[in-house]
Amino acid sequence: MIQPDDRSPDLSLDLPDLRTRVDNDREPLRELLRIFKTEFPFLLKSLQEAVVRGDMKGVKVKAHTIKGMLANVSFAWAAASAACLEHMGLQCVTQGPPEELAGFEQEASLPLAEHGPCCKGIVR
């Protein structure tokens, strides 16, 4: 299992894991990636707003949701980063979430960038 502080740059999209999750069936894969592509930007914005407000319960809830979404589409590295934010929210840590969010945003840009080229022809 990926730990929240495991920041190995080798962890990004695990396409074999993603295919296994959907039994190599293109339709569920297409739907899963469509949902991700549609919902992720809104969830990220909600997380950003919670951090700005200092709403640690909101940070915990949004980061947890994002962590699950990223794990479902096999982006373990970004999911681990979201887990760090979730933990900060759970512990009501008010020092550090903006910096952690900045790192997460950088890591989270990979799923959005990688999801297109690696799945060309799957998601329209």
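Some points to look at:
- Residue selected from the range 33-92 under the condition more than 26 Å from THR20 (Cβ to Cβ) and acidic (Asp, Glu), by the criterion farthest from the chain's Cα centre (by Cα): ASP55
- If you go through the range 13-44 and keep only what is part of a helix (DSSP H, G or I), farther than 30 Å from PRO98 by Cβ and of a type in the set (S, T, N, Q), you end up with just THR20.
- Within the range 88-109, the set of residues being surrounded by fewer than 17 Cβ atoms within 10 Å (Cβ to Cβ) and either modelled with pLDDT under 80 or part of a helix (DSSP H, G or I) (or both) comprises LEU90, PRO98, GLU99, ALA102, GLY103, GLU105, GLN106, SER109.
- Of everything listed in (1) at pLDDT below 90; (2) under 15 Å from the mean Cα position of the chain (by Cα); (3) polar (S, T, N, Q), the single unmet condition for SER8 is (2).
- Qualifying positions in the range 57-78 - at pLDDT below 90 and of a type in the set (Gly, Ala, Ser): SER74, ALA76, ALA78
- Pairing each residue of the range 25-54 that is on the phi > 0 side of the Ramachandran plot with any residue that is modelled with pLDDT under 95 and in a helix (DSSP H, G or I), provided the two are 6+ apart or on different chains, yields C-beta distances under 9 Å for GLY54/PRO97.
- Residue within the range 89-107 that is closer than 14 Å to LEU13 by Cα and touching a Leu at 6+ places or on another chain (Cβ under 9 Å) present: no
- One residue stands out among those in the range 45-58 that are closer than 15 Å to GLY103 by Cα and in contact with a helix residue (DSSP H, G or I) (Cβ under 6 Å, 6 or more places away or on another chain): the one that is surrounded by the fewest Cβ atoms within 10 Å (Cβ to Cβ), which is VAL51.
The values are calculated or read from the model by the stated rules, or taken from the named source; none is laboratory data. The structure presented is a predicted model; accordingly, all values stated were derived computationally and were not measured. Glycine gets a Cβ as well: all are built from the backbone with ideal geometry, and neighbour counts include every protein chain shown.
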